[in-house]
Amino acid sequence: MISTESTVMIQRPPEAIFAFVVEDFLVNYPRWSPEVKSLKPLSEGPLMPGWKARQVRVDQGRRTATDFQVVGLERPHYVAFRGLKDPYGIEFRLQPQDRRRTELIFSFELGRLGLAFRPFEKLIQHAVQGGVERVTANLKMLIETETPAD
């Protein structure tokens, strides 16, 4: 299993970050993760536990299509996603530091690697960590640029 996380301080309250990540998920997810080439909801309505979507991504030249669902949501501090058939999980945790700053912790977990990929586990870990760090940097830049400070 590969598990990694990245933390970034964002100069916005948790409500603004939660709105950007969760309430505007369908618009913003491909923006903070440009590897997402297609994103289609499989459920109606806003994100809530059980809500599902399908994504097509191109990571390191490899195209994949996966379905995922929301498995946890606590407004305005937490959202978690899990692959339906593919063994991965994603969590966003928001920890307010004061009324203007929030620590965003982004975690990614990739389940058991197939036997053919095990010799490349360290290389995969390095690539995943780089992706997680890019996501947090992209989120910080987009949120601080596009959402009002107060």
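Any read-out appearing in this document is the output of simple, stated calculations on the displayed coordinates, not a laboratory observation. Bear in mind the structure is a predicted one, so any value in this text is a computation, not a measurement. Using ideal geometry, Cβ is built from the backbone for each residue, glycine included, and neighbour counts are taken over all protein chains shown.
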For this session: Give me the aspartates and glutamates in straight-line cross-link reach of Lys52: C-alpha distance below 14 Å, same-chain residues under 8 apart excluded.
Result: Glu44, Asp67, Asp86
Exercise. Let a ≥ b ≥ c be the square roots of the eigenvalues of the Cα gyration tensor of the chain; is it rounded (a/c under 1.5), or, if not, prolate (a/b larger than b/c) or oblate?
Worked result: prolate
Exercise. Residue separation times 0.36 nm, minus the C-alpha to C-alpha distance between Glu23 and Arg54: what's the value?
Worked result: 9.4 nm
Seminar exercise, completed: Counting Lys and Arg as +1 and Asp and Glu as -1 over every other residue whose Cβ sits under 13 Å from the Cβ of Arg82, the net charge comes to -2
Exercise. In segment 1-52, which GluC sites (Glu not before Pro) fall in coil by DSSP and have 13 or fewer other Cβ atoms within 10 Å?
Worked result: Glu44
Exercise. Using +1 on the beta carbon of Lys and Arg, -1 on that of Asp and Glu, and nothing else charged, what's the dipole of the chain about the Cα centre, debye to 20?
Worked result: 500
For this session: Specify whether the C-alpha gyration tensor of segment 61-105 places it in the rounded, prolate or oblate class, a ≥ b ≥ c being the square roots of the eigenvalues: rounded for a/c under 1.5, otherwise prolate if a/b is larger than b/c and oblate if not.
Result: prolate
Problem set entry | Protection proxy ranking of 130-142, 52-64 - average other beta-carbon atoms within 10 Å, highest first | 130-142, 52-64
For this session: Quick one: dipole size for segment 11-59, taken about the Cα centre, charges +1 on Lys/Arg Cβ and -1 on Asp/Glu Cβ, in debye to the nearest 20.
Result: 200
For this session: Would you kindly derive the ³J(HN,Hα) couplings of segment 34-44 from the backbone phi angles with the Karplus curve 6.51 cos²θ - 1.76 cosθ + 1.60 (θ = phi - 60°), listing them in order in whole Hz, with x for Gly and Pro?
Result: x, 5, 6, 9, 8, 9, 10, x, 9, 10, 8
Problem set entry | Hz values of 3J(HN,Hα) by residue in segment 88-102 - Karplus curve (6.51, -1.76, 1.60), Gly and Pro given as x | 9, x, 9, 9, 10, 10, 10, 10, x, 9, 7, 6, 10, 10, 9
